[in-house]
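The next block holds one structure in the form of structure tokens; read it before the comments.
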Amino acid sequence: MKNILLAEDDLDFGTMLKQYLELNKFSVSWAKDGNEGFEFLRMAILTSVFWM
Amino acid sequence: MQLKFKGLVAISIFTLIALIGIQGYLIYNTYELKKKTFSIDARMAISKVYYTKEVDSIMWLYRNDFFTQLEALKKGEISKKDALQRLKQKTEEINPGFLAVYKKGMEAEMPGVDIQFKKSVSSISVSDSLGNTDTLYKEDDPDKIMLLGENFDSQNAALITYSNWQEDHDFVNNGNPDFFKLNFKTSIFMNVLNWNSVLTKELSVLFVASCLLFLFVVGLLYYSIQNLMKQKRVAEIKTDFINNITHELKTPLSTLSLATKTLTSEHANGNKEIADGAVQIIDRQNTRLQKLIDQVLQSSLGYQEIQLSKETFNGSIFMNELLDDYLLSVNSSEIKLHRNIDSTGIALEADKFYLSTAIINLLNNAIKYGGTELTVSYGIDKTDSTHYISIKDNGIGISPKYQRFIFEKFYRVSEKDTHNYKGLGLGLYYTKQIIKAHGGSISVESEANKGSIFTIKIPII
């Protein structure tokens, strides 16, 4: 399963996108702000980054 | 754009300086030309006064006397010094008469202009029948001989003309006929005492007109630059607004698009939990879009178009109720709200709905821009007979240079550290329109990083 980092501060849009990607067999790490996003980047090996 | 604007201002200032230079040069040239014209006019006036029979008859008084003295000199009865001394005495005698004629004539020719006249001796020599020349007076003689007029320094005066009186004179010397030839050179000078006042008077209209014209050009330039700056700011604000509204619309629309895709996705088919979640999100985004559109529509109203339904109520109770309701709508554990509500006993006349909207806008802004500790005050300002409502926060504050713009439509402070705050730049504009519709005013006191105090004032009816 491919890992995706999703950085999005809008709660509804983030929820929908995360759910949609997961339905399409992606593993999603959701960062709700920039700092959290950088933390994920430091820790994980990711396939793609959605920085919204 | 910024560079272009600065270039335009620089060119305008340079043009203005060039204009001052050209204007100054032209005025100076006109001054010099006027001076020359005036000098010519003065010479002509002096000629008219000087070359008259009246002046000529005065001059013959010293001329005849001088011949008598020269005869005595030739006969050896007096010395050269005595002859010159006698000439001086004679001219001193006739000078008052000459000056009276001269001043009267000049007053008629050039009224109001004070021009001094001087006729002085340059050299006097006498030649006999054998051609021997005897010089009585030379120009470099330290004892200057002034014939007629006023004695002024010739160095600062203008030379009008030289004249040479040459005459053969026969006389009887010890019973024998004798002869001498007189060569009497003179210089005529004029000295204008009130050059500057005469020319200033003549040029005053031109000078004042030039100054007024220059001030007009400066004013026009200032107005154009101000207008240009205003246009530039409006263009920036509009661009900013379009960018903001695009972003604000794009997020709910993308969410709706994703929700629809999720609901129609084969993976979610039959999953009630996913479907319910998506429907709730669609509902929220729909409300969000509706609010956004309402906000834009409301903001198009100026204070004249706001239809108030005023009622009279107790301001203290209204404020307490409004703050109670507001605290329920926000996460009150993160926000400390202090109340300083006076029981004024004076009724407030306002539209409750619109006034609540204005106050809530200010409270929302206070929290949005970093305020965690808010103090809301209400009372009566006895100095200007108004109800005041002030909202103080400990947020990021507003730099003084932006404060005068914050109530303008679509304006948003665009400093680096405030880019993260979403908004359309309509909240404070709309709040101000509401307060203006109530006949009141809104003001701000703020300092960057130290918080802000917004104060609403509504007149006591």
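Among the residues making up the stretch B:270-309, a single one is exposed (fewer than 12 other Cβ atoms within 10 Å of the Cβ), within 13 Å of another protein chain (Cβ to nearest Cβ) and at pLDDT below 85: B:GLY270. The set of residues from the stretch A:8-29 being assigned to a strand (DSSP E or B) and either away from chain B (no Cβ under 14 Å) or touching a Leu at 6+ places or on another chain (Cβ under 9 Å) (or both) comprises A:SER27, A:VAL28, A:SER29. Any residue at all in the stretch B:104-120 that is under 22 Å from B:SER57 (Cβ atoms), β-branched (Val, Ile, Thr) and touching a residue at least 12 places away in the same chain (Cβ under 8 Å)? There is no residue in the stretch B:104-120 that is under 22 Å from B:SER57 (Cβ atoms), β-branched (Val, Ile, Thr) and touching a residue at least 12 places away in the same chain (Cβ under 8 Å).
Taken as a whole, the condition of being within 20 Å of the chain's Cα centre (by Cα), exposed (fewer than 12 other Cβ atoms within 10 Å of the Cβ) and on the phi < 0 side of the Ramachandran plot applies to B:VAL208.
Of note, B:LYS382 does not satisfy the criterion of being within 45 Å of the chain's Cα centre (by Cα) and within 14 Å of chain A (Cβ to nearest Cβ). Within the stretch B:343-374, the set of residues being under 14 Å from B:HIS438 (Cβ atoms) and assigned to a loop (DSSP other than H, G, I, E, B) comprises B:ASP351 only.
Restricting attention to the stretch B:170-185, the residues that are among the small types (Gly, Ala, Ser) and either surrounded by 15 or more Cβ atoms within 10 Å (Cβ to Cβ) or assigned to a strand (DSSP E or B) (or both) total 0. Filtering the stretch B:115-169 to residues that are over 50 Å from the mean Cα position of the chain (by Cα) and outside any strand (DSSP E or B) leaves B:SER129, B:LEU130, B:GLY131, B:ASN132, B:LYS138, B:GLU139, B:ASP140, B:ASP141, B:PRO142, B:ASP143, B:LYS144, B:ILE145. Every listed requirement among (1) more than 22 Å from B:GLU150 (Cβ to Cβ); (2) part of a helix (DSSP H, G or I) is met by B:GLU77 save one, (2). Only one entry in B:SER197, B:SER257 is of a type outside the set (Asp, Glu) and away from chain A (no Cβ under 14 Å), namely B:SER197. Taking the conditions exactly as written (surrounded by fewer than 17 Cβ atoms within 10 Å (Cβ to Cβ) and away from chain A (no Cβ under 14 Å)), does B:ASP240 satisfy them or not? Yes; evaluated as a whole, the condition is true for this residue. Of the conditions (1) under 26 Å from A:ASP9 (Cβ atoms); (2) at pLDDT 85 or above; (3) out of contact with any helix residue (DSSP H, G or I) (no Cβ under 8 Å at 6 or more places or on another chain); (4) not small (Gly, Ala, Ser), B:ASP324 fails just one. Which one is it? The number of the failed condition is (1).
Examine the stretch B:362-376 for a residue that is in contact with a Ser or Thr (Cβ under 9 Å, 6 or more places away or on another chain), surrounded by fewer than 20 Cβ atoms within 10 Å (Cβ to Cβ) and closer than 19 Å to B:GLY315 by Cβ, and state whether such a residue exists. Checking the stretch B:362-376: at least one residue is in contact with a Ser or Thr (Cβ under 9 Å, 6 or more places away or on another chain), surrounded by fewer than 20 Cβ atoms within 10 Å (Cβ to Cβ) and closer than 19 Å to B:GLY315 by Cβ. Is there a residue in the stretch B:24-45 that is in contact (Cβ under 8 Å) with a residue 12 or more places away in the chain, more than 24 Å from B:VAL208 (Cα to Cα) and touching a helix residue (DSSP H, G or I) at 6+ places or on another chain (Cβ under 6 Å)? Yes, the conditions are met somewhere in the stretch B:24-45.
The values are calculated or read from the model by the stated rules, or taken from the named source; none is laboratory data. Not measured: the values here are computed from a predicted model. Ideal geometry is used to build each Cβ from the backbone, glycine not excepted, and the neighbour counts take in all protein chains shown.
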